[in-house]
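The values are calculated or read from the model by the stated rules, or taken from the named source; none is laboratory data. This structure is a prediction, so every number in the text was calculated from the model and none was measured. Every residue, glycine among them, receives a Cβ derived from its backbone with ideal geometry; neighbour counts consider all protein chains shown. Note: accessible area is taken over every heavy atom of the protein model, side chains too, but ligands, DNA and RNA are not part of it. Shrake-Rupley method; radii C 1.70, N 1.55, O 1.52, S 1.80 Å.
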Amino acid sequence: MTPARIPQIPYRAFDPGVPGEVGARRFFEVMDRRRSCRFFSDRAVSRETIEWCVKAGSSAPSGAHKQPWRFVCVQDAGVKTKIRRAAEHEERAFYERRANEQWLKDLAPLQTGPEKPFLEIAPWLIAVFKLAKSDDGGQVYYLNESVGIACGMLISAIHHAGLVTLTHTPSPMGFLGEVLHRPAHERAFLLLPVGYPADGASVPDLQRKGLDEVMVVV
Ligand SMILES: Cc1cc2nc3c(=O)[nH]c(=O)nc-3n(C[C@H](O)[C@H](O)[C@H](O)COP(=O)(O)O)c2cc1C
């Protein structure tokens, strides 16, 4: 039997109130200030702030509108400690054995290492899981693309709230499912510490590619 069609409703256009060039430039100027931060303050962030950010992430497009994501938001200190311990265990193996020479060379300028104190200091950790199946067991489509876009929107919302995050990928991330007691169809995708930057926090002085390197017009 063909499933019932979803009724159509009028599209409500978003009016930025300024010409497109101005709106797009303003958005760029906000987004260009985003940086991955590895030094967090323990200053509290309200649950409501996190909820709005997650709602923004969850407003993302997804293959066949399956919304194949779960955002597990951790504020419990004991759970954060468990996550830090497990992440550092994997990260030590990564830096000592798993990463190849080129990967370590590419990471060296960023001065990252196996110690992850921010996993206990940041007031929130958002563990993003991708759903290999819908909660009702149905198929999902373009899983990585969908969850990647949702994470991009979540990271943008965190930035827009005046907070910082780090796109963290302790590899492999299977421990997150265990520590957070997630069902088998949820697979860890990213771990995002969220909070305010520490006083005096610094970031690597990176340059971004120019438009001529990333954009082709035909
Ligand atoms: C998929 C992905 C995984 C990343 N994993 C880590 C990580 O595990 N640890 C880390 O310190 N930074 C990680 N990063 C952050 C990058 O190093 C950072 O985005 C990059 O250096 C550019 O800096 P920016 O985010 O400040 O523009 C990751 C970024 C992405 C997109």
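Observations on the model:
- Residue in the range 193-215 that is surrounded by 20 or more Cβ atoms within 10 Å (Cβ to Cβ), within 13 Å of the ligand (Cβ to nearest atom) and either at pLDDT below 95 or not in a strand (DSSP E or B) (or both) present: no
- Positions within the range 133-157 being open to solvent by less than 40 Å² (accessible area, probe 1.4 Å), touching a helix residue (DSSP H, G or I) at 6+ places or on another chain (Cβ under 9 Å) and within 26 Å of Gly195 (Cβ to Cβ), in sequence order: Ala150, Cys151, Gly152, Leu154, Ile155, Ser156, Ala157
- Ala56 surrounded by 15 or more Cβ atoms within 10 Å (Cβ to Cβ), touching a residue at least 40 places away in the same chain (Cβ under 8 Å) and within 16 Å of the ligand (Cβ to nearest atom): no
- Residue within the range 22-32 that is surrounded by 11 or more Cβ atoms within 10 Å (Cβ to Cβ) and in contact with a helix residue (DSSP H, G or I) (Cβ under 6 Å, 6 or more places away or on another chain) present: no
- If you go through the range 164-187 and keep only what is surrounded by fewer than 17 Cβ atoms within 10 Å (Cβ to Cβ) and in contact with a Cys (Cβ under 8 Å, 6 or more places away or on another chain), you end up with just Thr167.
- Residue in the range 102-119 that is surrounded by 12 or more Cβ atoms within 10 Å (Cβ to Cβ), more than 13 Å from the ligand (Cβ to nearest atom) and touching a residue at least 24 places away in the same chain (Cβ under 8 Å) present: no
- Residue check for Ala93: away from the ligand (no atom under 12 Å from the Cβ), at pLDDT below 95 and open to solvent by less than 20 Å² (accessible area, probe 1.4 Å): yes
- When Lys130 is tested against (1) over 13 Å from the mean Cα position of the chain (by Cα); (2) open to solvent by 30 Å² or more (accessible area, probe 1.4 Å); (3) under 24 Å from Ile50 (Cβ atoms), exactly one condition is not met: (1).
- For the range 60-80, a residue qualifies if it is surrounded by 13 or more Cβ atoms within 10 Å (Cβ to Cβ) and not hydrophobic (A, V, I, L, M, F, W, C), and the qualifying residues are Ser62, Gly63, Lys66, Gln67, Pro68, Arg70, Gln75, Lys80.
- Tally, over the range 144-192, of residues that are within 12 Å of the ligand (Cβ to nearest atom), in contact with a strand residue (DSSP E or B) (Cβ under 7 Å, 6 or more places away or on another chain) and in a loop (DSSP other than H, G, I, E, B): 5
- Residues that are assigned to a helix (DSSP H, G or I), more than 30 Å from Asp76 (Cβ to Cβ) and without any contact (Cβ under 8 Å) to a residue 60 or more places away in the chain, drawn from the range 1-53: Gly20, Glu21, Val22, Gly23, Ala24, Arg25, Arg26, Phe27, Phe28, Glu29
- Filter pass, Phe40 being touching a Phe, Trp or Tyr at 6+ places or on another chain (Cβ under 9 Å) and within 16 Å of the ligand (Cβ to nearest atom): yes
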